[in-house]
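The values are calculated or read from the model by the stated rules, or taken from the named source; none is laboratory data. Every value quoted in this text rests on a predicted model; they were computed, and no experiment measured them. Cβ atoms come from the backbone with ideal geometry, glycine included; neighbour counts cover every protein chain shown.
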Amino acid sequence: MARGLRFSQFEVGTEYVTPGRTVTEADVVNFAGLSGDFNPLHIDATFAAKTPFEQRIAHGMLAASISTGLGQLLGIFEGTTLALMSQTFEYKAPVFFGDTIRLRLTVQETKASSKGGKGVVTFASDILNQSDTVVVAGSWVVLFRD
């Protein structure tokens, strides 16, 4: 039995917030290897010390990727999601090694499908660090069964 929420259960304005997850050096190194993005801002401490950040930062897409995993912890998608239709990301602030990030999804819009039995939910997505600073903002558009 699906434990996720069905389309008709979502209400505009409802917020869902995940637990936090600390971004480690291992996460960044593994992501660099997986993605092929070896920008020195992420992997070279000497280079990064000379940037405005004064230290290495995690890849923005790593934070976004982690957020999709965090979203699964909410349980709202389990067994009721038919498709992730789109995601957008706007990088607002750096994620440093050791930062703890969490995801906040807020229902912005719901639209029933003309074919019935399903609908689209648009969420505002904010990835926040341990200081409640939004580091990545965007949206998720998800098709749910009803």
Which pairs have Cβ atoms under 8 Å, sit 6 or more apart or on different chains, and link a residue in the range 78-104 that is surrounded by fewer than 17 Cβ atoms within 10 Å (Cβ to Cβ) to one that is small (Gly, Ala, Ser) and at pLDDT below 95?
-> 78/2; 79/2
Kindly check whether there is at least one residue in the range 70-86 that is of a type in the set (Phe, Trp, Tyr) and within 23 Å of residue 129 (Cβ to Cβ).
-> no
Exactly one condition in (1) surrounded by 18 or more Cβ atoms within 10 Å (Cβ to Cβ); (2) touching a residue at least 60 places away in the same chain (Cβ under 8 Å) is not met by residue 108; state its number.
-> (1)
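Counting only residues that are under 12 Å from the mean Cα position of the chain (by Cα) and either at positive phi or not aromatic (Phe, Trp, Tyr) (or both), give me the helices (runs of 4 or more DSSP H) lying completely in the range 1-94 with at least 3 of them.
Per the criteria, 60-73.
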Listed residues 55, 72; which is within 18 Å of residue 144 (Cβ to Cβ) and of a type outside the set (A, V, I, L, M)?
-> 72
Considering residues that are among the basic types (Lys, Arg) and surrounded by fewer than 18 Cβ atoms within 10 Å (Cβ to Cβ), the number found within the range 48-66 is 1
Do the conditions hold for residue 109, that is, is it of a type in the set (D, E, K, R), within 20 Å of residue 10 (Cα to Cα) and either over 11 Å from the mean Cα position of the chain (by Cα) or assigned to a helix (DSSP H, G or I) (or both)?
-> yes
Given (1) of a type outside the set (Lys, Arg); (2) over 27 Å from residue 3 (Cβ atoms); (3) modelled with pLDDT of 95 or more, number of the condition residue 114 does not satisfy | (3)
Residue hits (the range 95-106; closer than 22 Å to residue 55 by Cβ and part of a strand (DSSP E or B)) are 96, 100, 101, 102
Just one of the numbered conditions (1) within 19 Å of residue 17 (Cβ to Cβ); (2) of a type outside the set (Lys, Arg); (3) assigned to a strand (DSSP E or B) is not true of residue 119; which one?
-> (1)
Scanning the range 111-133 for residues that are surrounded by fewer than 16 Cβ atoms within 10 Å (Cβ to Cβ) and of a type in the set (Val, Ile, Thr) gives 133
Considering residues that are hydrophobic (A, V, I, L, M, F, W, C) and out of contact with any Leu (no Cβ under 7 Å at 6 or more places or on another chain), the number found within the range 93-123 is 8
Scanning the range 1-47 for residues that are more than 22 Å from residue 71 (Cβ to Cβ) and among the β-branched types (Val, Ile, Thr), the one surrounded by the most Cβ atoms within 10 Å (Cβ to Cβ) turns out to be 43
